[in-house]
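Below is one structure, written out as structure tokens; the observations come after it.
The values are calculated or read from the model by the stated rules, or taken from the named source; none is laboratory data. Nothing here was measured: the structure is a model prediction, and the numbers come from that model. Backbone-built Cβ (ideal geometry, glycine too); neighbour counts: all protein chains shown.
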Amino acid sequence: MSLFRLFTGLGALLGVVGGAVAASAAPVALKAARLFDGKSDALLSNAVVLVEGRKIVEVGSNLAIPPGATVIDLGNATLSPGFIDAHTHLSGEASDDYKQDFIDGFRRQIPEQAYYAASYAKKVLEAGFTTVRDVGSQDFIDVSLRNAIARGLVPGPRMLVAVHAIGATGGHCDTTGLRFNVLGKESDYKEGVANGPDQIREAVRFQVKYGADVIKTCASGGVLSLADEVDTPQLTLAEMTALVDEAHRLRKKVAAHCHGDRAAKEAIEAGVDSIEHGSFLKDDTLALMKQKGVYLVPTLLAGEWTGGKADKFPPEIAAKAKAALAARSSMFRHAVAMGVKIGLGTDSAVSPHGLNAREFGLMTGLGMKPIDALKAATSVDADLLGIASQVGTLEKGKLADLVAVPGNPTADITATEKVFFVMKEGQVIKNTRQSGLAAAPQ
């Protein structure tokens, strides 16, 4: 069975047909006490957003409601652009049982895993994240899920996908910690494992050929890999330069998984667009990021989740998780103070999907202003992903991706964890305040 046919069946299973209110040609007026437009430093009061079809046609305070429009009054709430998570892995999800996850990875069939992936996508969308950048998968589940969502077969966020992350033999992007030949063959460029500039270019081309919207690379070691150190460089400067050059030639941005400082410096020199995690970055590296406009996606939730549950992992992973968690807080505070561009990303899959909004509270807890945390998940992420002409702010002509949270999130950022209304491209996905639905006079 093809994954396309599989996701067609999933659409019926998950209730995408009839489970959400389809976008209507008639105008829809969304009303709320407040509005965050994605870019301003203050909220707008008595907000009204007018939507026709898939797009926003007007945004303002106390706007006149067009005759015949459907009015959705969200009450004492704040409207916001749909949230964006710039670092997810919707194809899978870790549990608290590391050994069982390890076994399931070998036993679970690809179509079965695709069902799980579709359920994760639905959770993330209902949590208010209407767009994600999915930075690494297997078996092309991410490509198939992206396409199925785009075609309306299953509910989920808009996805930009990386296919396989690209890295060196024995690195974080490789399968390590197993005895020689247990899997029958060594991974190669088709799975994202490549060595030398020419192979690296081949790996980039392969991912793009099979659907990558963005290129993900492992510049340094990682926490959850068994046989590497967390902060050591894993690509040479020549390899990294070849990867970035090839990706940019193909008009794809590059996200670099990188905990280590030296690896980050080389990735920045090579021209990557974002550093993911960045746990051990020093001030001079952060200054270089600011100078070159490189984004930081700190994935604080992943560090919190693994560091807080380190005893559930093998000792080699537990030690790395604790070290990364201990270092990341100071790094993040310095990045905020220095004015580095910071996007919101969670590494969702390390933590359960649907908890993505917890990242807001972690960011503000380490010194970021609530309004800046909201920007990180909207306009900043939209710029990073290269889709700011479509989403990230509430403006005339942009796609009608909106969420509503109770109260005022600039006063209580945890309101972002209580999304009760979600609209994606003019389609109401979730509204637990249905009593606010009414029709304007003809």
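Which one is nearest to Arg201 (Cα to Cα) among residues in the stretch 263-288 that are of a type outside the set (S, T, N, Q) and in contact with a Phe, Trp or Tyr (Cβ under 9 Å, 6 or more places away or on another chain)?
Asp273
For the stretch 374-407, a residue qualifies if it is touching a helix residue (DSSP H, G or I) at 6+ places or on another chain (Cβ under 6 Å) and buried (at least 24 other Cβ atoms within 10 Å of the Cβ), and the qualifying residues are Val391, Gly392, Val405. Each residue in the stretch 187-231 was checked for being in contact (Cβ under 8 Å) with a residue 60 or more places away in the chain, more than 21 Å from Met159 (Cβ to Cβ) and not in a loop (DSSP other than H, G, I, E, B), and 0 pass.
Could you tell me whether any residue of the stretch 166-177 is surrounded by 15 or more Cβ atoms within 10 Å (Cβ to Cβ) and outside any loop (DSSP other than H, G, I, E, B)? Yes. For the stretch 52-72, the set of residues classified as farther than 29 Å from Lys369 by Cβ and not in a loop (DSSP other than H, G, I, E, B) consists of Glu52, Lys55, Val57, Thr70, Val71, Ile72, listed by residue number. Taking first residues from the stretch 284-312 that are more than 14 Å from Glu269 (Cβ to Cβ) and partners that are of a type in the set (Phe, Trp, Tyr), the Cβ contacts under 9 Å between residues at least 6 apart in sequence or on separate chains come to Leu296/Phe332; Pro298/Phe332; Leu300/Phe332; Thr306/Phe313; Lys312/Tyr98. Filtering Ala64, Ala69, Ala33 for residues that are closer than 30 Å to Val154 by Cβ and either touching a strand residue (DSSP E or B) at 6+ places or on another chain (Cβ under 6 Å) or not aromatic (Phe, Trp, Tyr) (or both) leaves a single hit, Ala69. If the condition is being over 15 Å from Gly128 (Cβ atoms), touching a helix residue (DSSP H, G or I) at 6+ places or on another chain (Cβ under 9 Å) and touching a residue at least 60 places away in the same chain (Cβ under 8 Å), then the stretch 408-436 contributes Asn408, Thr410.
Matching residues to (1) modelled with pLDDT under 85; (2) among the aromatic types (Phe, Trp, Tyr):
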position	(1), (2)
Phe129	no, yes
Phe140	no, yes
Ala162	no, no
Thr169	no, no
Asp174	yes, no
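Here is the figure for the stretch 61-82: residues that are hydroxyl-bearing (Ser, Thr, Tyr) and out of contact with any helix residue (DSSP H, G or I) (no Cβ under 8 Å at 6 or more places or on another chain) total 2.
Is the stretch 120-138 home to any residue that is of a type in the set (Asp, Glu) and more than 15 Å from the chain's Cα centre (by Cα)? No. Residues that are in contact with a Phe, Trp or Tyr (Cβ under 6 Å, 6 or more places away or on another chain) and either of a type in the set (D, E, K, R) or part of a loop (DSSP other than H, G, I, E, B) (or both) were ranked within the stretch 75-91; the one that is nearest to Gly397 (Cα to Cα) is Asp85. Residues that are over 21 Å from Ala162 (Cα atoms) and in contact with an Asp or Glu (Cβ under 9 Å, 6 or more places away or on another chain) within the stretch 249-272 comprise Gly260, Asp261, Arg262, Lys265, listed in sequence order.
Okay, residues lined up against (1) surrounded by 24 or more Cβ atoms within 10 Å (Cβ to Cβ); (2) charged (D, E, K, R):
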position	(1), (2)
Asp213	no, yes
Ser225	no, no
Thr232	no, no
Asp245	no, yes
Glu266	no, yes
Val272	yes, no
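Restricting attention to the stretch 128-143, which residues are surrounded by fewer than 24 Cβ atoms within 10 Å (Cβ to Cβ) and either in contact with a Phe, Trp or Tyr (Cβ under 6 Å, 6 or more places away or on another chain) or of a type outside the set (Val, Ile, Thr) (or both)? Within the stretch 128-143, Gln138, Asp139, Phe140 qualify. Where strands (runs of 3 or more DSSP E) fall entirely within the stretch 318-433, those with at least 2 residues that are under 19 Å from the mean Cα position of the chain (by Cα) and either modelled with pLDDT under 95 or not assigned by TED's automatic domain parsing to the domain that holds Val135 (or both) are at 402-406, 421-424.
Return yes when Cys218 is at pLDDT below 85 and crowded, with 23+ Cβ neighbours inside 10 Å and no when it is not.
No.
Among the conditions (1) closer than 15 Å to Asp231 by Cβ; (2) outside any loop (DSSP other than H, G, I, E, B), Ser279 misses just one, which is (2).
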